[in-house]
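First the structure, in the form of structure tokens, and then the observations on it.
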């Protein structure tokens, strides 16, 4: 359900596409909750896709932050599908700037932390506020590698956008490159290995 990976390179072969294409296959984790039983544990075929770019800009004071709730809850960013037969594969591209992102799922629960209870992103700590941070250089506009898979009825994913120290105000420009996929349950051919989509809780063990 989320990917943050280095750039993939394959010597002597055609580069792998960044997004799912028609006739590609996915396998959704069995760990998805009951509310998502329309996809939980199922193999799905991508029937068709289209790509939409949605830029979001926030002006944030130094040391402050804005939480972007990507869900379709009232007043939020509305970046979730409203149909169980749709899935959004979202590449998150960060324009240059003195800011960073901290992903939470659900609200208040950071995706990336360490085992020691104190090792969690903490906004009033000069060092822990950077724990798990994603900077513009990590997922730049020319090669975004931070990816989310968003499904109907998924709990809200929160992106905390933090203006780093050193400027009075920062213009934080985030470009959501949305691959809108029509999906259908099916059995993949024997020679096909579907792309595995984990539940975010699997990344927080």
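Quick check on residue 71: is it out of contact with any strand residue (DSSP E or B) (no Cβ under 7 Å at 6 or more places or on another chain), crowded, with 17+ Cβ neighbours inside 10 Å and under 30 Å from residue 47 (Cβ atoms)?
On the way: out of contact with any strand residue (DSSP E or B) (no Cβ under 7 Å at 6 or more places or on another chain): yes; crowded, with 17+ Cβ neighbours inside 10 Å: yes; under 30 Å from residue 47 (Cβ atoms): yes.
Against the criterion (out of contact with any strand residue (DSSP E or B) (no Cβ under 7 Å at 6 or more places or on another chain), crowded, with 17+ Cβ neighbours inside 10 Å and under 30 Å from residue 47 (Cβ atoms)), residue 71 qualifies.
State whether the residues of the stretch 65-73 include one that is under 20 Å from residue 154 (Cβ atoms) and free of Cβ contacts under 8 Å to residues at least 40 places away in the same chain.
There is at least one residue in the stretch 65-73 that is under 20 Å from residue 154 (Cβ atoms) and free of Cβ contacts under 8 Å to residues at least 40 places away in the same chain.
Go through the stretch 83-117 residue by residue and tally those that are surrounded by fewer than 16 Cβ atoms within 10 Å (Cβ to Cβ) and touching a helix residue (DSSP H, G or I) at 6+ places or on another chain (Cβ under 8 Å).
Of the residues in that region, 1 qualify.
Looking at the structure I just gave you, is residue 159 modelled with pLDDT of 95 or more, buried (at least 18 other Cβ atoms within 10 Å of the Cβ) and within 30 Å of residue 38 (Cα to Cα)?
On the way: modelled with pLDDT of 95 or more: yes; buried (at least 18 other Cβ atoms within 10 Å of the Cβ): yes; within 30 Å of residue 38 (Cα to Cα): yes.
Here the answer is yes, as residue 159 does meet what is asked.
Go through (1) within 20 Å of the chain's Cα centre (by Cα); (2) farther than 19 Å from residue 35 by Cβ; (3) buried (at least 16 other Cβ atoms within 10 Å of the Cβ) one by one and return the number of the condition residue 60 breaks.
Single failed check for residue 60: (1).
Tell me the residue from 154, 159 that is in contact with a helix residue (DSSP H, G or I) (Cβ under 7 Å, 6 or more places away or on another chain) and in contact (Cβ under 8 Å) with a residue 24 or more places away in the chain, please.
154
If residue 135 passes every condition in (1) surrounded by fewer than 19 Cβ atoms within 10 Å (Cβ to Cβ); (2) closer than 30 Å to residue 40 by Cα; (3) in contact (Cβ under 8 Å) with a residue 12 or more places away in the chain but one, which one does it miss?
For residue 135, the exception is condition (2).
Would you say residue 148 is more than 12 Å from residue 100 (Cα to Cα) and outside any loop (DSSP other than H, G, I, E, B)?
Yes.
Could you check how many residues of the stretch 177-205 are under 17 Å from residue 33 (Cβ atoms) and over 14 Å from the mean Cα position of the chain (by Cα)?
3
Looking at (1) under 24 Å from residue 190 (Cβ atoms); (2) not in a loop (DSSP other than H, G, I, E, B), find the lone condition where residue 40 falls short.
Single failed check for residue 40: (2).
In the stretch 153-180, what count of residues is obtained for those that are within 11 Å of residue 80 (Cβ to Cβ) and out of contact with any strand residue (DSSP E or B) (no Cβ under 7 Å at 6 or more places or on another chain)?
The total comes to 3.
Considering each of 156, 189 in turn, give the residue that is outside any strand (DSSP E or B) and under 25 Å from residue 132 (Cα atoms).
Details: 189 fails: under 25 Å from residue 132 (Cα atoms).
The conditions single out 156.
Can we say residue 142 is in a strand (DSSP E or B) and either at pLDDT below 95 or buried (at least 19 other Cβ atoms within 10 Å of the Cβ) (or both)?
Spelling it out, it is not the case that residue 142 is in a strand (DSSP E or B) and either at pLDDT below 95 or buried (at least 19 other Cβ atoms within 10 Å of the Cβ) (or both).
The values are calculated or read from the model by the stated rules, or taken from the named source; none is laboratory data. Remember, it's a predicted structure, so these values are computed and weren't measured experimentally. Glycine also receives a Cβ, built like all others from the backbone with ideal geometry; neighbour counts cover every protein chain displayed.
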